[in-house]
Amino acid sequence: MPVSERPRGSRLEELRAEILTASDPDRAVPAGLLESWLRSKNALGAPGNVRDVPRVDEDLIDNHLLEMFQAPMARAAEDLAGSGMGLLLADAHGRIVQRWSLDSSAMNQLDRLGTVRGAVLAEDAVGTNGVGTAIASGRSVQISGAEHFADVYHDALCTGAPVWHPITGKLLAAVTMSTKIDERSGLLLPLTNSLAAQLQQHVLDAAQPGSRAMLAAFLDASARHDGPVVAFGPDGLTMRSRRAGELTQTDVDLIGHLCAGLRHEARLTAELSTGTTAVDATVLDAGAGVVAALRPAPRVTVGHGRPASDGLVGQTKSWLGVAHHVSRHISARTALLVAGEPGSGKTSLALGRPYRPGSVQPDVAVVHTAQRQIIGDQAWLQELVDAVEGPTRVVVRAVEHLDPQALAALRSLIEANTGLGSVLVTATAATQSEAAAMATRLGVAMVWVPPLRERSSDIPALWNAFAAQRSPGLRLALGDDARRALEAAGWPGNLAELRTLVAQMVAEGSRGVVQLDQLPDSLRAHRSWSMIERTEMETIRRALQEAGGNRSKAAELLGVSRATIHRKLKTYNLSG
């Protein structure tokens, strides 16, 4: 019987009561649901006998299963953010191994139902439900409201699917999407099936010869290391340990970016949503991948005990190349013009550390040309002379504001100071040729700082660093869609514009994972579809193709209303 024809509401409750007390069941109930009810009755008696959800001890929970599926499940949970749904992974016995959701309402619903880690949702423990019935029947199911055996689940909607080992055919687990009953339930069954298929493909990828060494090294590191462990293998295979559960997908992508191309063991530092993190990367033999063990990195403080990053944030080739160039000039005590667009990080590069206006630099004298307007030309030039002749190196900011006479005076000071101490000069310019002309007037070498749009892969780490600076201890992470939107933006204000955005989000009270719809309209133009949206689109396309383009027939095939199909087609701009 099609899903759309199932009896609902009070009639369904009457049928359930009648079937569980009578000897001749009403065959209007779908056969699969009826079989589950009868199995539940034989195991538990009356629905009222289910009062509490049983739980098993921690040592009986299959953490190996969790570590196998942590990465794809966490990624799916981020894609489902804002949907009000919780994700559950259960072992083959119906025991909840872990749950995922970025929505507090979904987690509260799971708490109320007793659906926590270690809870046993097998049919013979709590009756008909999305976890236990998927395992007992060996096929995907959607259990809504009164279709549940136990009364406690009567406002819940659970869609579950078994996960089979793609090689042995053994039942490994069950994956379930759980939420309150609402109109969004129509496509949950194909979505759950799609997630189960992804988990099975994940197992298949891990079983390939090239991936076995990575999987073994990952499991060994997870057992030995107290902190999170992430591993990257061939063909994009990713593993996360149980302790890596707090990492966002953006965090994992950032770690993967840092580890890409490594040829030997390395100790790196990453600005993650969980804070500044030390990454001990182990490169496996024969191209088997990289295993990264994470731990909190030491923090230094600046002014009033505020934490600061230990160094400049960024790992793109262009940024690292410029940072190395600047470092060489500082070491050689030679002058250099550091030029770039507004807010691109010129002063931070000149200092060799993140620049914070008003902070004291014990080993660097910072002279800003704007002071000329306050103290006058003569006093400013004397300050510049004292700085250049002093024991520390000098950074002169914003020399584009100097008139020809002041620029000539600065050049004379630089030439007189050659070899005594480095003088680094920053300038804002629209183009590299404009910056080169200024360097010629100063008689110094020039380096061009790449704008943020040319180092977009650094945006997640910069976001995390700015959030930590703005509000230490606050977790303000980027969701996948939000990250992709920021990486596609133009950023005319560069780092300063990104820093302002983070400050705005903090001031507005944003917390947790920032989603696309929380960003300003100007940054949402480059929209990319989430996993749940991509799966919905593909499901609708297939149904329309099978129905010969007939929307009513496609809706019937999917068990949803024609209005739902029409709304989804409009949302995704699909023809049909």
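The values are calculated or read from the model by the stated rules, or taken from the named source; none is laboratory data. Everything numeric here is computed off the predicted structure, so don't read it as measured data. Counting neighbours? That spans all protein chains shown, and the Cβs are built from the backbone with ideal geometry, glycine included.
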_Extreme residue, surrounded by the fewest Cβ atoms within 10 Å (Cβ to Cβ), among residues of segment 272-297 that are part of a loop (DSSP other than H, G, I, E, B) and in contact with a Phe, Trp or Tyr (Cβ under 9 Å, 6 or more places away or on another chain)_ = Ser273
_Within segment 534-559, take every residue that is touching a residue at least 24 places away in the same chain (Cβ under 8 Å) and part of a loop (DSSP other than H, G, I, E, B) and give me the one that is nearest to Asp79 (Cα to Cα)._
Gly559
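Using the structure shown, decide if Gly419 is at pLDDT below 90 and either of a type in the set (Ser, Thr, Tyr) or at positive phi (or both). Lay out the reasoning, then the answer.
On the way: at pLDDT below 90: yes; either of a type in the set (Ser, Thr, Tyr) or at positive phi (or both): yes.
Yes: the conditions hold for Gly419.
Tally the residues that are part of a loop (DSSP other than H, G, I, E, B) and surrounded by fewer than 24 Cβ atoms within 10 Å (Cβ to Cβ), restricting the search to segment 114-162.
We begin by selecting, within segment 114-162, every residue part of a loop (DSSP other than H, G, I, E, B); these are 114-118, 121-122, 127-131, 138-140, 148-150, 154-155.
Filter once more, keeping what is surrounded by fewer than 24 Cβ atoms within 10 Å (Cβ to Cβ): 114, 116-118, 122, 138-140, 150, 154-155.
Total meeting the criteria: 11.
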*Starting from segment 490-507, take each residue that is in contact (Cβ under 8 Å) with a residue 12 or more places away in the chain and list its partners that are surrounded by 20 or more Cβ atoms within 10 Å (Cβ to Cβ) and of a type in the set (Ser, Thr, Tyr), counting only C-beta distances under 9 angstrom and pairs at least six apart or across chains.*
Asn494/Ser344; Leu495/Ser344; Leu495/Ser348; Ala496/Ser344
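State all residues of segment 415-428 that are among the hydrophobic types (A, V, I, L, M, F, W, C) and surrounded by fewer than 21 Cβ atoms within 10 Å (Cβ to Cβ); if no residue qualifies, say none.
Filtering segment 415-428 for residues among the hydrophobic types (A, V, I, L, M, F, W, C) gives 416, 420, 423-425, 427.
Of everything in segment 415-428, those that are among the hydrophobic types (A, V, I, L, M, F, W, C) and surrounded by fewer than 21 Cβ atoms within 10 Å (Cβ to Cβ) turn out to be Ala416, Leu420.
Could we say that Gly84 is modelled with pLDDT of 95 or more, under 29 Å from Trp37 (Cβ atoms) and in the same structural domain as Thr179 (by TED's automatic domain parsing) here? Spell out how you get there, then give the answer.
Details: modelled with pLDDT of 95 or more: no; under 29 Å from Trp37 (Cβ atoms): yes; in the same structural domain as Thr179 (by TED's automatic domain parsing): yes.
It is false that Gly84 is modelled with pLDDT of 95 or more, under 29 Å from Trp37 (Cβ atoms) and in the same structural domain as Thr179 (by TED's automatic domain parsing).
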*Which of the following residues is modelled with pLDDT of 90 or more and of a type in the set (A, V, I, L, M, F, W, C): Ala216, Ala260, Ala207, Ala270?*
Ala216
*Of the residues that make up segment 432-446, is at least one in a loop (DSSP other than H, G, I, E, B), of a type outside the set (Lys, Arg), touching a residue at least 24 places away in the same chain (Cβ under 8 Å) and in contact with a Leu (Cβ under 6 Å, 6 or more places away or on another chain)?*
yes
*How many of the residues making up segment 507-521 are part of a helix (DSSP H, G or I) and surrounded by fewer than 17 Cβ atoms within 10 Å (Cβ to Cβ)?*
4
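Might you check whether a residue that is surrounded by 23 or more Cβ atoms within 10 Å (Cβ to Cβ), outside the structural domain of Ser327 (by TED's automatic domain parsing) and in contact (Cβ under 8 Å) with a residue 24 or more places away in the chain occurs anywhere in segment 404-413?
Filtering segment 404-413 down to residues surrounded by 23 or more Cβ atoms within 10 Å (Cβ to Cβ) leaves 410.
The next check asks that each one be outside the structural domain of Ser327 (by TED's automatic domain parsing); those that pass are none.
No, because not a single residue in segment 404-413 is surrounded by 23 or more Cβ atoms within 10 Å (Cβ to Cβ), outside the structural domain of Ser327 (by TED's automatic domain parsing) and in contact (Cβ under 8 Å) with a residue 24 or more places away in the chain.
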*Taking strands (runs of 3 or more DSSP E) that do not extend beyond segment 171-271, which have at least 2 residues that are without any contact (Cβ under 8 Å) to a residue 60 or more places away in the chain and surrounded by fewer than 24 Cβ atoms within 10 Å (Cβ to Cβ)?*
none
